[in-house]
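Here's the structure, in structure tokens; my notes come after.
Where a number appears in this text, it was derived from the coordinates with a stated rule and is not lab data. From a predicted model like this one, the values you see are computed outputs, not experimental measurements. Using ideal geometry, Cβ is built from the backbone for each residue, glycine included, and neighbour counts are taken over all protein chains shown.
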Amino acid sequence: MNAQHYDVIIIGGGASGLMCALTAGHRGKRVLVLDSSNKVGKKILMSGGGRCNFTNLFVEPDNFISTNPHFCKSALSRYTQWDFISLVEKHGIPYHERKHGELFCDDSAKDILKMLLDECSDAKVQIHTKCQISTIKAFDENDQSAYRLKTSLGNYSSTSVVIATGGLSIPTLGGSGFGYELAEQFNLPLKARRAGLVPFTFTDQTKALTERLSGLAVDVNLHTDSKKQNISFRENMLFTHRGISGPAALQLSNYWQAGEAIEIDLLPETNTFEWLLELKKTQPKALLRTLLTHKLTKNLILELQTLYWKEQADTPIGQFSDVLLKGIADSIQCWKVKPSGTEGYRTAEVTLGGIDTDVISSKTMECNTQKGLYFIGEVLDVTGHLGGFNFQWAWASGVAAGDSV
């Protein structure tokens, strides 16, 4: 047997690629992982602020976005969050739960990467980094080496090829369009791609406001302003020099369409109008900005005052008309702003869209029209919410392919 021939070659040494490799390797397959970076797992290492939000306790199909919302169900049901948690516990990695069922390493994301690499080593998986691929060609399906690859490290052949190259997000960590280019080579349909889980940017007067409030985090309910779908997320929102970020903004970015406004509820636990009417009765001599300090920070209140009651800034609340108070309450609970765009792939955590799942087996991740060619992870038209869901899709899709190759 040619020393350069493998049962399966996996392109991409990220979360899904390594999971697929160790799964296939433990089945006795001869596995090679090729990665263009100088080391594998870079996005694993930077995820979760270096602590790796590796899965979530509450994984449901509704946590994923796809043109075909049913596609992810098979893989997720066969390799669950509990399966990955068992692997983490088997390796003695300490972890903890944060809000919304998010699981993080106690120490470092390096623990998760080491676990995957140790499993790959046990399964005799070979990993080559700094490898540029020039061509991948398919041969007759009766040929034992159905695919031949020309690379900067030499030529290889394999029975199966798994594409685990991720999407366009964070190109400094290896994000590229290689998987999409390969799909086009094999005449596979693609869904439109755009940056997801990404901060919003502004170019109007809102940008100056966000610059002044930069660094301030607020618990909000953030809504799309779309008649087609009313999506909302209750999380922290962070003001930045360029716009707004934080979990609420990142989550909403997956559903926002260019040109749409978004609505910010700054007091999601309060019926603001009723509260202000009560204050008008009980503390009529107080200034509104003083009363709001019980619920919002001073800097944010001053910005809202400039926007919505500048002329009454030094007027006691008892002299405010109910109509004016209703307008202020509505503005606080439905502060409408229109992003000019997002920060794009440079900082996006994921790529929305990708390879059309209609041509991929939901059970095996194999291409229906090209025997022996598999696609897993982010390169597919499946995107998870923030909170460990994209990692769980990487693990589940990787195992699905690893069990099939």
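Leaving out same-chain residues fewer than 8 places away, which lysines sit with a Cα under 29 Å from that of K298?
By straight Cα distance, K298 reaches K99, K207, K280, K281, K285, K310, K326, K336, K338.
Taking region 200-262 on its own, what percent of its Cα-Cα pair distances exceed 13 Å?
I get 59 percent for the Cα pairs in region 200-262 exceeding 13 Å.
If each DSSP helix of 4+ residues adds -39,500 (n - 2.57) and the sum is divided by the residues in the chain, what number results at 222 nm, nearest 500 deg cm²/dmol?
-8500 deg cm²/dmol
How would you order 285-292, 391-398 from highest to lowest mean count of nearby Cβ atoms within 10 Å?
Result, highest mean first: 391-398, 285-292.
What are the equivalent ellipsoid semi-axes of the chain, built from the alpha-carbon gyration tensor (square roots of five times its eigenvalues), in whole angstrom, biggest first?
Semi-axes (√(5λ), whole Å): 49, 20, 17.
Only counting other Cβ atoms within 10 Å, I'd like H128, H241 sorted with the fewest neighbours first.
Least crowded to most crowded, the residues run H241, H128.
Mind pulling the angle between the C-alpha long axis of helix 272-282 and the longest principal axis of the chain? Nearest 10 degrees, somewhere in 0 to 90.
Value to nearest ten degrees: 30.
Report, please, the projected area of region 273-405 averaged over directions, based on the convex hull of its C-alpha atoms, in nm².
Over all viewing directions, region 273-405 projects a mean Cα-hull area of 12.6 nm².
For K130, which lysines qualify as cross-link partners when the Cα separation must be under 30 Å and same-chain residues fewer than eight apart are set aside?
K29, K39, K42, K43, K110, K114, K150, K191, K371
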